[in-house]
Amino acid sequence: MLELKGIRKVFNKGTPDENVLFDGFDFTVEEGEFVSIVGSNGSGKTTLLNLISGTVQPEAGKILLRGQDITAQREFVRARRIGRVFQDPAGGMANNMTVAENLAIAENKGRAYGLSAGLNKRRVEAYRELLRPLGLGLEMRMNVPVGALSGGQRQLLTLLVATMTPIDVLLLDEHTAALDPKTAEQTMELTDRIVREKKITTLMVTHNLRFAEQYGTRLCMFDKGQVVLDAAGEEKAQKRVDDLLALFNAISVECGN
Amino acid sequence: MFFLNQMSTILQLGFIYAIVGLGVFITYKILDFPDLSVDGTFPLGGVVFSVLLVAGCPWPVAMLVSFFAGAAAGLATGLLHVKLRINGLLAGIITMTALVSVNYLIAGGPQVSFAQSDTLLSNGFLDGLPRVAANYMQVFFILLLVVLCKVLLDLFLKTKAGFLLRATGDNPQLVTQMGKNTDTYKMIGLSLANGIVALAGSLYCQYSASYNANMGTGTVVIALACVIIGCVIAKHIRPMANTTGVVIGALIYYAILSVAMLLLGSDYTRLIVAVLFVVVLLFDTGLIGRTVKKLFRRRKKEGGDART
């Protein structure tokens with residue numbers, strides 16, 4: 001469903017700091033898979049997401065989404081089929097705009113943004129009903145600027161915003177890393193529920209080995225631009241956090257960390 | 001009588017700069033784009049209006065054309081920034097510099113005078129009124145235009161397109177995530193802003209019944225001061241809209257400027273404008289507010305000490 005073929009990505013090209021991260025890198029994600037990706041810093045996890053979303057361009061190789069070559073498409077064009085949640089809770093929403101206004105923008109994704117009214121009472125009511133099940137009391141704060149909400153509330157909202165309209169792929173870039181343990185747990189539960197309900201193909205980068213083990217249908221560990229562990233289905237179910245940690249430490253020792 | 005005349009001048013110029021402020025509000029506050037092309041588009045609106053009027057064009061049409069001339073200049077700044085990837089500040093300076101020549105070429109000289117033609121601020125109806133009454137009638141006409149611009153802008157910012165324009169300045173990533181190109185919205189914002197500024201320029205020329213090439217100097221600084229004062233006011237008096245704040249800010253600014261000019265003479269105008277801008281910026285950063293509070297607290301403490 002999502003294929004990366006023969007990807008080459010070099011950072012600081014032409015300088016003494018030149019760093020070849022991916023060279024002839026292949027990666028395939030099947031329809032409906034929920035892939036958890038772990039790995040140390042600089043292993044290429046986030047770059048993988050950036051390549052898929054179009055934030056960075058590969059030097060060589062192709063990226064196919066449902067068989068269509070999207071390598072040459074600009075980021076905002078790809079975004080019509082891809083949703084993304086960032087680590088920084090301030091990253092996914094317009095923070096000076098209200099909760100209702102942000103939801104209105106998200107709901108209209110894929111359609112024209114013309115001169116009709118952005119919001120009306122009926123829509124605001126519908127958004128209230130959408131937020132009520134979260135149990136955060138956000139349904140009472142529709143006219144509060146998003147920037148005034150807590151990081152956790154914003155991240156849950158961003159998750160809703162990213163998945164409000166039908167998308168082919170959801171990219172989660174350490175989206176629980178900036179949250180306290182309880183909120184992180186809550187965010188992961190909501191993530192899992194949305195991904196299951198809407199059957200969205202998902203790639204989740206995380207530093208939390210327990211989340212990687214507990215959630216998702218496939219688990220990948222990255223190291224220096226290589227996939228060193230790739231387990232799906234039964235094989236993934238047998239992996240324990242300790243196994244992951246052991247492998248992780250082994251890699252880190254190799255790196256001299 | 002002197003006071004009444006001074007007051008009407010403050011209101012006339014205050015409201016004209018309120019319109020400039022509404023334009024600059026779009027770029028500075030909504031798009032977070034420091035647009036300096038305003039110094040060129042304000043006189044551009046004036047010169048286009050003046051030349052058309054002299055050529056026999058009715059004033060409403062001339063005003064409309066000046067709006068579009070300004071919008072085109074704003075689009076030029078946008079294209080420089082978005083397509084050629086030139087820094088926003090520099091893109092504005094380039095447009096502003098180029099417009100000095102463009103304005104001169106359109107005017108065919110440094111000045112255009114149209115004292116005989118009918119305009120919004122000089123027509124048969126106003127000529128029939130006593131001087132003071134005519135001045136306040138002019139204030140009323142300008143105010144109508146201010147309200148029209150403000151209401152239309154407020155309405156636009158509440159449409160879907162307006163939402164995305166605001167999101168572009170707030171968090172461009174959100175606009176990208178929605179599958180839209182932020183470049184488009186930057187260009188729309190710059191066009192709209194400079195169109196409004198040019199409209200104000202045409203009004204300024206009607207106020208002085210002539211076009212003068214120097215009329216644009218310092219427009220950006222004046223307008224930014226109005227916008228900043230306005231947004232500080234609106235922040236403290238909720239639920240006042242920012243746009244209402246900008247209009248009030250422009251009046252306050254012009255009142256202060258007029259008093260300062262009366263005391264020091266018009267030779268000091270630009271110096272006063274510059275110093276006032278520094279004061280406004282210090283207010284915006286909260287430096288003045290904190291200092292005043294500190295002084296106040298110290299005096300209170302000393303007062304308390306004296307009592308004990």
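Readers should treat all values here as calculations from the given coordinates under stated rules, not as data from a laboratory. Quick caveat, the model's predicted, so the values are computed rather than measured. Note: ideal-geometry Cβ built from the backbone for every residue, glycine included; neighbour counts use all protein chains shown.
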In terms of the alpha carbon gyration tensor, root eigenvalues a ≥ b ≥ c, rounded if a/c is under 1.5 and otherwise prolate when a/b exceeds b/c or oblate, chain B is oblate
Sorted by chain and then number, the residues having a modelled amide H within less than 5 Å of the amide H of A:MET164, at least 5 places away or on another chain, are none
Share of Cα-Cα pairs in the stretch A:120-257 beyond 21 Å, whole percent, is 51
For B:PHE33, other-chain or 5+-apart residues with amide H closer than 5 Å (H placed, Pro excluded) are B:TYR28
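Which net charge results for the neighbourhood of A:GLY6, defined as the other residues with beta-carbon distances under 14 angstrom from its beta-carbon, given Lys and Arg at +1 and Asp and Glu at -1? Walk me through the numbers on the way to the answer.
Details: positive: A:LYS5, A:ARG8, A:LYS9, A:LYS62; negative: A:GLU3, A:ASP23, A:ASP26, A:GLU59, A:ASP69.
So the environment of A:GLY6 carries a net charge of -1.
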The set of residues whose placed amide H lies less than 5 Å from the amide H of A:ASP223, leaving out same-chain residues fewer than 5 positions away, is A:VAL228
Once the in-chain neighbours fewer than 8 apart are removed, the lysines whose Cα is under 30 Å from A:LYS198 read A:LYS5, A:LYS45, A:LYS62, A:LYS109, A:LYS121, A:LYS182, A:LYS236, A:LYS239, B:LYS160, B:LYS180
Computed ³J(HN,Hα) along the stretch B:229-242: with the Karplus parameters 6.51/-1.76/1.60, θ = phi - 60°, integer Hz and x for glycine or proline, the list is 4, x, 6, 5, 4, 4, 5, 8, 10, 7, x, 5, 6, 4
Relative to chain A, whose Cα atoms define the longest principal axis, helix A:181-198 and its Cα axis are tilted in degrees, nearest 10, by 80
Between the alpha carbon centres of the stretch A:103-172 and the stretch B:200-264 the gap in Å comes to 37
For A:LYS224, counting only aspartates and glutamates whose alpha-carbon sits under 19 Å away and dropping same-chain residues fewer than eight positions off, the answer is A:ASP17, A:GLU18, A:ASP23, A:ASP26, A:GLU59, A:ASP173, A:GLU174, A:GLU254
Computed ³J(HN,Hα) along the stretch B:16-21: with the Karplus parameters 6.51/-1.76/1.60, θ = phi - 60°, integer Hz and x for glycine or proline, the list is 4, 6, 5, 5, 4, x
For the stretch B:100-231 the mean separation of alpha carbon contacts under 8 Å (6+ apart) over residue count, i.e. relative contact order in percent, is 37
Expected vector for the stretch B:178-189, Karplus 3J(HN,Hα) from phi with 6.51, -1.76, 1.60 and θ = phi - 60°, integer Hz, x for Gly and Pro, equals 7, x, 10, 8, 4, 3, 4, 6, 4, 5, 4, x
Rounded to the angstrom and largest first, Cα extents along the principal axes for chain A equal 58, 40, 35
Restricting to lysines and to Cα separations under 24 Å from B:LYS294, and discarding same-chain partners fewer than 8 apart, the set is B:LYS235
Dividing the mean separation of Cα pairs under 8 Å (6+ apart) by the residue count of chain A yields a relative contact order in percent of 26
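Treating only the Cβ of Lys, Arg, Asp and Glu as charged (+1, +1, -1, -1), what charge dipole size does chain B show about its Cα centre? Round to the nearest 20 debye.
Details: 22 positive and 12 negative charges, 297 e Å.
Once rounded to the nearest 20, the dipole reads 1420 debye.
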Taking every DSSP bridge whose two residues both lie in the protein assembly as shown, the antiparallel percent to the nearest 5 is 60
Computed, not fitted: 222 nm per-residue ellipticity of the protein assembly as shown from DSSP H runs ≥ 4 (each -39500 (n - 2.57)), nearest 500, equal to -19000 deg cm²/dmol
When the charge dipole of the protein assembly as shown is computed with +1 on Lys and Arg Cβ and -1 on Asp and Glu Cβ about the Cα centre, the Cα farthest towards its positive end, among B:ALA115, B:TYR28, A:ASN120, belongs to B:ALA115
The distance between the Cα centres of the stretch B:164-181 and the stretch A:1-72, in whole Å, is 24
